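S.K.: After the structure tokens below, expect a handful of questions from me.
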Amino acid sequence: MENILQHLKLTGDLSGAGTGRWLDCPGETLASVSPIDGRTIGRVRMAGAGQYEQVAATATEAFATWRMVPAPKRGEIVRRIGEALRAHKKELGALVSLEMGKIRVEGEGEVQEMIDMADFAVGQSRMLYGKTMPSERPRHRMLEQWLPLGPIGVITAFNFPVAVWAWNAMLALIAGDTVIWKPSHKTPLTAIAVMNIVWPVLRDSNLPEGILNVVIGDRQKVGEPMINDRRLPLISATGSVAMGRHIGKVVAGRLGRSLLELGGNNGIIVTANADLEMTVRSVLFGAVGTAGQRCTTTRRLIVHENIVEPVTRALIKAYEQVPIGSPLEDGILMGPLVDTDAVATMQAALQTVRDQGGRVVYGGERLTGSIYDAGTYVKPCICSVAADCAIVNEETFAPILYVMTYKTLPEAIAYHNQVPQGLSSAVFTNDVLEAETFLSAMGSDCGIANVNVGTSGAEIGGAFGGEKETGGGRESGSDAWRAYMRRQTCTINWSGELPLAQGIKFGRSE
């Protein structure tokens, strides 16, 4: 652990605010506690209102310079950032495991997502395309162009402590924006480590401070000023539905933009025509990966009534073989929950399942003894419930899988779509009619819909996000870059005359 922290320059009391250099933060000290064994691995002096103002002012000033750098040149800077992250992949991935609890391969995979996003953004920097369109007026030309938006705020959650920042920041950078990052209080060290890696790239390129910024502070001193700040035309926020409702309301009140990535209560429909071996393998990763703490975690399994018993038996057998322990150890497939509050929330949800007539058919208990006592380890859990069980409509950020049955595909789709969230979804079937029905307008109501692919593990090439209480935002690939820019329609008159649109004649008749 000490070697990782030293390599990433995370020793001693750390500043919680920076613009390219670390600021003096006299605020309260925030302890970063590893869920692996309960040890404090670092301390951060949190930013206050004064530090937030310094960061916001510097980001605003830097925007005036950065927006005028040609987009392909901005892409070259992002390429260098990707190379710097690549050089620190193993150490930064280990830090993600140490601070958040996901297993090492997932931690390194998250850093790889950052690198992939940098690569994607480099190419996108030469493809910020606008359109041309014919004018109804003679000798006029019309076009639209995309221009930098401004300093943007990025608020991230603990479960993907670095990747979600990269989804936003890499595209924002090539768009010509500066970025202010407010990371989760549960994972402050990963954010500080990333800044220590990327700032030298900006300095070596003779760029001003304020292009990439971080501010770690509480809601009242940092969070509220940030979402109320009119200098920030866009707030991108990942977190709970309650948080998203508040941020959306505040930002809308100042007529700013919100990009919201909120709850996911993801379901898989398993038809009688599914490949069951492939289904079980996919559900295992989707439900157990990251200890059930992904926004795309598989939480609901809607199984045809004729195959529910063999599917459940196969899942229990697979769950029994999942090694649980320190995420830094080889061979471990599930690490701890992020903290004791998460464990308590899981236990409360399981009691609710019982109260509402459901059954816990496997797991769910907190693990004790040996290495488990100091950490926050649980057994992944499978529950048998009715489709109308109320707890199924809630997202519990834990490895709980609800299994329910259906008779017909329309019934299964209705069960799938009845929850208020709409992020990721899947159907497992070898029947093309069932697959196409699921992907049609009468099928899944989610932002992501897969066939014979699980709900978790989205690629960065496609826009990521969902509908309903998931918030409607889209990040990462496809045309998500447009969220970070402003569209401008332009008309050029080269006629020497001044005709008006719609044939309007304005003036005295001769």
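The values are calculated or read from the model by the stated rules, or taken from the named source; none is laboratory data. These figures come from a predicted structure and were not determined experimentally. Methodologically, a virtual Cβ is constructed for each residue, glycine included, from the backbone with ideal geometry; neighbour enumeration extends over all protein chains shown. Calculation scope for accessible area: heavy atoms of the full protein, side chains included, ligands and nucleic acids excluded. Shrake-Rupley method; radii C 1.70, N 1.55, O 1.52, S 1.80 Å.
S.K.: Going through V392, V353, V403 one at a time, which residue ends up being in a helix (DSSP H, G or I), β-branched (V, I, T) and either farther than 30 Å from D37 by Cβ or modelled with pLDDT under 95 (or both)?
M.R.: V392
S.K.: Follow-up question, since we're still on this one. Considering only residues of region 212-223 that are assigned to a helix (DSSP H, G or I) and in contact with a strand residue (DSSP E or B) (Cβ under 7 Å, 6 or more places away or on another chain), which is farthest from E475 (Cα to Cα)?
M.R.: Residues of region 212-223 assigned to a helix (DSSP H, G or I): 219-223.
Filter once more, keeping what is in contact with a strand residue (DSSP E or B) (Cβ under 7 Å, 6 or more places away or on another chain): 222-223.
Working: V222: 24, G223: 21 Å.
Ranking the candidates gives V222 first.
S.K.: While we're on this one: Tell me the residue from L328, L337 that is within 24 Å of S184 (Cα to Cα), among the aliphatic types (A, V, I, L, M) and in contact with a Pro (Cβ under 9 Å, 6 or more places away or on another chain), please. Walk me through it before giving the result.
M.R.: Numbers: L328 fails: in contact with a Pro (Cβ under 9 Å, 6 or more places away or on another chain).
Answer to the selection: L337.
Here is a yes/no grid of residues against (1) under 21 Å from the mean Cα position of the chain (by Cα); (2) within 28 Å of W22 (Cβ to Cβ); (3) assigned to a strand (DSSP E or B):
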| site | (1), (2), (3) |
| --- | --- |
| G210 | no, yes, no |
| P225 | no, yes, no |
| L232 | yes, yes, no |
| K249 | yes, no, no |
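S.K.: Enumerate the pairs (first residue in region 131-151 and hydrophobic (A, V, I, L, M, F, W, C); second residue anywhere and in a loop (DSSP other than H, G, I, E, B)) with beta-carbon separation below 7 Å, excluding pairs fewer than 6 apart on the same chain, so at least 6 apart or on different chains.
M.R.: What qualifies is M142/S135; L143/G130; L143/K131; W146/L128; W146/G130; L149/D177; L149/P233.
S.K.: Please go through region 297-314 and pick out each residue that is buried (at least 24 other Cβ atoms within 10 Å of the Cβ) and in contact with a Leu (Cβ under 7 Å, 6 or more places away or on another chain).
M.R.: The answer is T298, R299, L301.
S.K.: Confirm whether A252 is within 26 Å of A463 (Cβ to Cβ) and surrounded by 23 or more Cβ atoms within 10 Å (Cβ to Cβ). Lay out the reasoning, then the answer.
M.R.: Details: within 26 Å of A463 (Cβ to Cβ): yes; surrounded by 23 or more Cβ atoms within 10 Å (Cβ to Cβ): no.
Answer is no for this residue.
S.K.: For residues that are touching a residue at least 60 places away in the same chain (Cβ under 8 Å) and not in a strand (DSSP E or B), tally how many sit in region 358-378. It would help to see each step written out before you state the result.
M.R.: Quick first cut of region 358-378, residues touching a residue at least 60 places away in the same chain (Cβ under 8 Å) only: 371, 374-376, 378.
Going one step further and asking which of them are not in a strand (DSSP E or B), we end up with 371, 374-376.
Matching residues across region 358-378 total 4.
S.K.: Test T455 against the stated conditions and say whether it is modelled with pLDDT of 95 or more, under 19 Å from the mean Cα position of the chain (by Cα), at negative phi and of a type in the set (S, T, Y).
M.R.: yes
S.K.: Give the residues of region 54-68 that are open to solvent by 60 Å² or more (accessible area, probe 1.4 Å) and within 26 Å of the chain's Cα centre (by Cα), sorted by residue number. Full working, then the answer.
M.R.: Going through region 54-68, the residues open to solvent by 60 Å² or more (accessible area, probe 1.4 Å) turn out to be 54, 61, 65, 67-68.
The answer is R67, and nothing else.
S.K.: Test E110 against the stated conditions and say whether it is modelled with pLDDT of 95 or more, part of a helix (DSSP H, G or I) and open to solvent by 20 Å² or more (accessible area, probe 1.4 Å).
M.R.: no
S.K.: Go through (1) open to solvent by 30 Å² or more (accessible area, probe 1.4 Å); (2) assigned to a helix (DSSP H, G or I); (3) in contact with a Lys or Arg (Cβ under 8 Å, 6 or more places away or on another chain) one by one and return the number of the condition F285 breaks.
M.R.: Status for F285: all satisfied but (3).
S.K.: Restricted to region 223-239, and to residues that are touching a residue at least 40 places away in the same chain (Cβ under 8 Å) and not hydrophobic (A, V, I, L, M, F, W, C), which residue is surrounded by the most Cβ atoms within 10 Å (Cβ to Cβ)?
M.R.: Checked region 223-239; the qualifying residue surrounded by the most Cβ atoms within 10 Å (Cβ to Cβ) is S236.
S.K.: Here's a follow-up. Across region 350-376, what is the number of residues that are out of contact with any helix residue (DSSP H, G or I) (no Cβ under 6 Å at 6 or more places or on another chain), on the phi < 0 side of the Ramachandran plot and open to solvent by less than 40 Å² (accessible area, probe 1.4 Å)?
M.R.: 4
S.K.: Considering only strands (runs of 3 or more DSSP E) fully contained in region 411-510, which possess at least 1 residues that are without any contact (Cβ under 8 Å) to a residue 40 or more places away in the chain?
M.R.: 448-451
S.K.: State all residues of region 185-218 that are buried (at least 21 other Cβ atoms within 10 Å of the Cβ) and of a type in the set (S, T, Y); if no residue qualifies, say none.
M.R.: Matches in region 185-218: T187, T190.
S.K.: Hey, any hits in region 31-47 for a residue that's at pLDDT 95 or above, crowded, with 16+ Cβ neighbours inside 10 Å and assigned to a helix (DSSP H, G or I)?
M.R.: Checked region 31-47: no residue is at pLDDT 95 or above, crowded, with 16+ Cβ neighbours inside 10 Å and assigned to a helix (DSSP H, G or I).
S.K.: Separate question: Among the residues of region 484-501, is any under 17 Å from S282 (Cβ atoms), open to solvent by less than 40 Å² (accessible area, probe 1.4 Å) and in contact with a helix residue (DSSP H, G or I) (Cβ under 6 Å, 6 or more places away or on another chain)?
M.R.: no
Okay, residues lined up against (1) open to solvent by 10 Å² or more (accessible area, probe 1.4 Å); (2) farther than 19 Å from G473 by Cβ:
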{"site": "I400", "(1), (2)": "no, yes"}
{"site": "T405", "(1), (2)": "yes, yes"}
{"site": "T408", "(1), (2)": "yes, yes"}
{"site": "N417", "(1), (2)": "yes, yes"}
{"site": "F438", "(1), (2)": "no, yes"}
{"site": "G443", "(1), (2)": "no, yes"}
{"site": "V451", "(1), (2)": "yes, yes"}
{"site": "T455", "(1), (2)": "no, no"}
{"site": "A458", "(1), (2)": "yes, no"}
